[in-house]
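Written below as structure tokens is the structure these notes are about.
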Amino acid sequence: MDVRRFSALSQLRHPCDAAKRPAVAPLPLLRTYRRQDRWLAGAAPVAVLLQLVAYAIALICTLGLVVWGATSLSWQKSFYQSGATFTTLGIVVPSDSAGIIATFVAAFLGLVLVAVFVGYLIGLYSAFGDRESLMVRLAAEAGEPAWGPEIVARSHTIGAKIGTVPIADSWIDWVTQLRTALQVTPVLGQFRSTSSSRHWVISLLAVLDATALQMALRPGEVAPTQVKLLAVGADTMRAIDERSGRDLSMIGQLEESVVNALAVAHPDLEAARLSAAEWETGASRLTVAGVTSRQELDEAMGRFCALRALYVDAAYSLAHDFHAVAAPWSGARRTRITSNA
């Protein structure tokens, strides 16, 4: 089944994801990506606030019905009493034992909701900081927006041995933390980076592309951590895109697929979702930087395409649905963008 047929936003199981739909409606009117990103940056905070409001209204209505059924108060006074006690205003005096119990329950739930929400915001902020930290480091090393060939080219320029940048262990930890955070708090995926030219989908795609390029160029020097990074990255992309709660046992099968892909000799740019012009742009960047020769790149093309085919469909789908910055080798977007500026 083609994952491109599904929208990640329509698959989200978080109650505040509905705020995303009206947020993307004005995007065609905002031609530059910076303006679009600035507009979308408000969607996630508004969604979180709407979630709090929805829970508060639901609890007030529920407790109002309880008061109405357990006391002789009218339904207007019952809901007024529920709201006043839930928000701990303390301006309503219960008239009987049932009203007293309902008052204490409402006041307690009001305090609990606020405490839970504050803790939720702290956890969300912590997860956002963890997500952004390594992305900022990647931007400092390879520029923005992130691009796989640029990572390889710049690491070669500073004298790093091929296969050592990006650091596989660090990015494996980052990917697993990202997956866990998005499964616990899906709204985190909607929070935009502090820079309009940086996005978590593009950073992950660029790291996977850089790793796949280096593995394809040096198939005899592939490290186990590189295989693990591609497998974990591909599985995470698919799990986030499909919202299927994919079992981590899939990683073992993906590791086998990664190893098998290194034996592929025939290039298939269509499977890698790259045009000939896009591949030529990346190849030129690598040859100009002196990373490798054109002959070696032509020989490695088949292996790279087979590796990229493991994660590219889900990556392009996520980049489209979350409206990530239009980086090279990252597919199309939901609206036309005249400039990233």
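The values are calculated or read from the model by the stated rules, or taken from the named source; none is laboratory data. Values in this document were obtained by computation on a predicted structure and should not be read as measured data. Ideal geometry is used to build each Cβ from the backbone, glycine not excepted, and the neighbour counts take in all protein chains shown. The protein model used for the area step is the full one, side chains on, heavy atoms only, and it has no ligands, DNA or RNA in it. Shrake-Rupley method; radii C 1.70, N 1.55, O 1.52, S 1.80 Å.
Restricting attention to segment 180-197, the residues that are within 26 Å of Gly143 (Cβ to Cβ) and under 12 Å from the mean Cα position of the chain (by Cα) add up to 8. The set of residues from segment 198-244 being within 24 Å of Arg154 (Cβ to Cβ), among the acidic types (Asp, Glu) and in contact with a helix residue (DSSP H, G or I) (Cβ under 6 Å, 6 or more places away or on another chain) comprises just one member, Asp209.
Scanning segment 245-270 for residues that are in contact with a helix residue (DSSP H, G or I) (Cβ under 7 Å, 6 or more places away or on another chain) and at pLDDT 85 or above yields Leu254, Glu255, Val258, Val259, Ala261, Leu262, Val264, Ala265, His266, Pro267, Asp268, Leu269.
Check Ala44, Ala25 and return the single one that is modelled with pLDDT under 85 and either more than 17 Å from the chain's Cα centre (by Cα) or under 30 Å from Pro145 (Cβ atoms) (or both). Just one listed residue meets the conditions, Ala25.
Among the residues of segment 92-131, which ones are over 37 Å from the mean Cα position of the chain (by Cα) and either closer than 21 Å to Val187 by Cβ or crowded, with 16+ Cβ neighbours inside 10 Å (or both)? Within segment 92-131, Val92, Pro94, Ala98, Gly99, Ala102, Thr103, Val105 meet the criteria.
Among the residues making up segment 277-287, those that are without any contact (Cβ under 8 Å) to a residue 40 or more places away in the chain and open to solvent by 30 Å² or more (accessible area, probe 1.4 Å) are Ala277, Glu280, Ser284, Thr287. Screening Ser330 with (1) of a type in the set (S, T, N, Q); (2) modelled with pLDDT of 90 or more; (3) open to solvent by 10 Å² or more (accessible area, probe 1.4 Å) gives one miss only, at (3). Which one is modelled with the lowest pLDDT among residues in segment 226-244 that are crowded, with 20+ Cβ neighbours inside 10 Å and either under 12 Å from the mean Cα position of the chain (by Cα) or among the small types (Gly, Ala, Ser) (or both)? So, considering only residues that are crowded, with 20+ Cβ neighbours inside 10 Å and either under 12 Å from the mean Cα position of the chain (by Cα) or among the small types (Gly, Ala, Ser) (or both), the one modelled with the lowest pLDDT is Asp241. Residues that are under 20 Å from Met237 (Cα atoms) and acidic (Asp, Glu) were ranked within segment 132-174; the one that is least open to solvent (accessible area, probe 1.4 Å) is Glu132. Taking segment 20-76 and the helices (runs of 4 or more DSSP H) fully enclosed by it, the elements with 1 or more residues that are without any contact (Cβ under 8 Å) to a residue 40 or more places away in the chain and closer than 20 Å to Thr88 by Cα are at 43-70.
Of everything in segment 288-318, what is hydroxyl-bearing (Ser, Thr, Tyr) and either at pLDDT 95 or above or surrounded by 20 or more Cβ atoms within 10 Å (Cβ to Cβ) (or both)? Give them in sequence order. The answer is Thr292, Tyr311, Tyr316, Ser317.
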